[in-house]
Amino acid sequence: MFIRTHQSASSRLYSNFSLYFRSAARLSQKTYQGVAFLLACWISTCSVLPAQQQAKQDSAEDKHPPKLILQIVVDQLREDMLSRMAPRFGKGGFRYLMDEGVWYVSATHPHANTETAVGHTVLATGAYPSRNGIIGNKWLDPKTGKVQDCVNNLDYFLVGTQKTSAAPLQILTTTFSDQMALATNGKSHIFAVSEKDRAAIPLAGHNGKAFWFNTDNGQFNTSTYYYSAYPAWVSDWNNKKDADAWQNKEWVPLDKPTTYLYYGTGPFAKNMGPYGDAFPHHFGTLGGDGTFYTKLTISYVGNRLTADFAKALIENEQLGSHEGTDYLGISFSSTDIVDHNFSPDSMEGEDVLLRLDQTLACLFSYIDKTVGLKNTLIVLAGDHGSADVPEYLETLHIPTGRLDTTIDDLVTAVNQVLLDKYQVPNLLFPSHQPLPYLYLDHDLIQKNHLDLVEVQRTAADAVMSKKGIYLALPATSTQTNNSNGDAQLLERIQRMHNPARAGDLYVVQLPQWQLGRPPASGEGNLPGAGVDHGSPWEYDTSVPVIFAGARLKHSVISRPISTVDVAVTLSGKLGIGYPSGSAGTVLPEIVPAAMACQDMADEEHCK
Ligand SMILES: [Zn+2]
């Protein structure tokens, strides 16, 4: 009776109990028991406790689910950066999230290889890389040794061109946005936008539409996987040539230079050529050295263009005004690109966050005026944290360094060790992508009747002999052994191990060390070589996770959570199925009915 009444009262797909009940079958046993319990309490005469009353009240408000899920990823955002920068943020941007949202201050990525595609796909799928298949931005095919990019696909082209492009086909499990499509038979409106294809594509999932910035033409483009031709509004936006308007302009600090933490420090930048290693940075013109659009991405402008395109997308695709809940993923890449080039320990690193704060404030204001923040569930997270640049750490006497060899030279050195021992050359595939993986040629090992496990261990010992290496873990050890007795580290590496894609060795650098080599003489006039994330250490795995909008009540949560919780919490909020490989749990602060249910599920009188 209650169920039918509720169904008729709500016209929205996600708010009906039957859907909620069906999706409950996909919940973890504990949560399922909780949901089933709550339903039972609503239907039966179970005695009502104050907590139950609150749960019912919250549930009544949730009769109208969000009109829009806005999933924001800030590329390279370490958790402590928000606290550090908070006094300098304005109103309405990060402070809206931090002061009015539910801020998880102890969120951690659960995996070891903290790269961009990996983090985005974990946030999108709620699944470990071992399950969703995205174990790096690139990896090698273990059978052939050929490089496989996480999104590049020869079967699809950049729309309107013959240039091969990208698709989400390497993602093996469903995303949260896929689950929205499944719950509506493909009627959901699902979009994602970023400067990077490998950031937009995981968020859009297999059924949504992804757009990304093209540094060849200053446009937001997509592939034939998504469209055969551009929607008119996309062509209109691109024809405005907003990016071109930044010609002959320069990037200067937003605030007084002396207010910056890193004022007077460094620079620790890569060789930035005419763009310079310190403020001001001149964008130049289109006719210059061909790097004009790339320079925009190495500044706050890339994030601003991304937000402007996202606003046009919201308006033209009428997000937030459809029958069901719509989804928009936005990944802001310029924080990452700036940090790689100038380091997080730079005025540029600070400035790009201050500017992103302004961009977020404008975006949230726009959404409030259109969809309404109370109708929008926002979740923001970092795809990974960031490492301090070794040359800066040295100034503070903190142990650090850079691997003193290129990856190719490392492979050559290990192959020499294997040749000396087994008299077989080139047992390691040449690697053209960054560590952590090194791959052995299994056909060669089999043909020469070698013991794979022993060869792995010999190669691991050879890698371990290099200065700056903490661990080189043979793949067989990830299944059967521990890693220096460090269970947490072993778990993070195990969660990377997709059997069809993982390498034979997983290499971990010492804390604070960079696997990238220093610049060779003559490569530039700057002391540093940039800085990379990607380690399993705290600074790379720790990121903020903040939910806001949609009538959430403000709280700061210190309980540790995992980033795999994000996608399943979004599913829980809509009452739809969890992504197929998801390993997380619903965060009770965001889905209070689940909290009430779980808390009460053990109550004897309610069983
Ligand atoms: Zn990233």
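None of ASP155, ASP216, ASP197 is within 16 Å of the ligand (Cβ to nearest atom), farther than 20 Å from LEU574 by Cα and acidic (Asp, Glu) except ASP197.
Which one is modelled with the lowest pLDDT among residues in region 320-337 that are more than 16 Å from the ligand (Cβ to nearest atom) and in contact with a helix residue (DSSP H, G or I) (Cβ under 6 Å, 6 or more places away or on another chain)? By that ranking, first place goes to GLY324.
Would region 82-92 turn up any residue that is closer than 30 Å to TYR262 by Cα and within 16 Å of the ligand (Cβ to nearest atom)? Break it down into steps so the answer makes sense when it comes.
In the first step, residues of region 82-92 are kept if they are closer than 30 Å to TYR262 by Cα; the result is 82-92.
Still in the list and also within 16 Å of the ligand (Cβ to nearest atom): none.
No, there is no match, as no residue in region 82-92 is closer than 30 Å to TYR262 by Cα and within 16 Å of the ligand (Cβ to nearest atom).
Close contacts from region 218-247, counting a first residue that is farther than 16 Å from LYS163 by Cβ and a second that is assigned to a loop (DSSP other than H, G, I, E, B) and open to solvent by less than 40 Å² (accessible area, probe 1.4 Å), with Cβ to Cβ under 7 Å and a gap of 6+ residues or different chains, come to LYS241/GLY218; ALA243/GLY218; ASP244/GLY218; TRP246/PHE283; GLN247/PHE283.
ASN271 satisfies every condition listed in (1) buried (at least 19 other Cβ atoms within 10 Å of the Cβ); (2) in a loop (DSSP other than H, G, I, E, B) except (1). Considering (1) open to solvent by less than 10 Å² (accessible area, probe 1.4 Å); (2) within 16 Å of the ligand (Cβ to nearest atom); (3) of a type outside the set (A, V, I, L, M), the lone condition that HIS340 does not fulfil carries the number (1).
Every listed requirement among (1) closer than 29 Å to GLN170 by Cβ; (2) part of a helix (DSSP H, G or I) is met by TYR506 save one, (2).
Considering region 101-151 alone, what residues qualify as being outside any helix (DSSP H, G or I) and among the aliphatic types (A, V, I, L, M)? VAL102, VAL105, ALA107, ALA112, ALA127, ILE134, ILE135, LEU140, VAL147, VAL151, listed by residue number. Within region 106-123, how many residues turn out to be open to solvent by less than 10 Å² (accessible area, probe 1.4 Å) and within 12 Å of the ligand (Cβ to nearest atom)? Qualifying residue count for the region: 11.
For region 533-559, residues that are away from the ligand (no atom under 16 Å from the Cβ) and of a type in the set (S, T, N, Q) total 2. Evaluation of GLY126 against the conditions (1) surrounded by fewer than 24 Cβ atoms within 10 Å (Cβ to Cβ); (2) more than 16 Å from the ligand (Cβ to nearest atom) shows that the sole unmet condition is (1).
The values are calculated or read from the model by the stated rules, or taken from the named source; none is laboratory data. Keep in mind the model is a prediction, meaning the values are calculated, not measured. For neighbour counting, all protein chains shown are included, and Cβ atoms are generated from backbone atoms with ideal geometry for every residue, glycine included. These area figures cover heavy atoms from the full protein model, side chains too; ligands, DNA and RNA do not enter into them. Shrake-Rupley method; radii C 1.70, N 1.55, O 1.52, S 1.80 Å.
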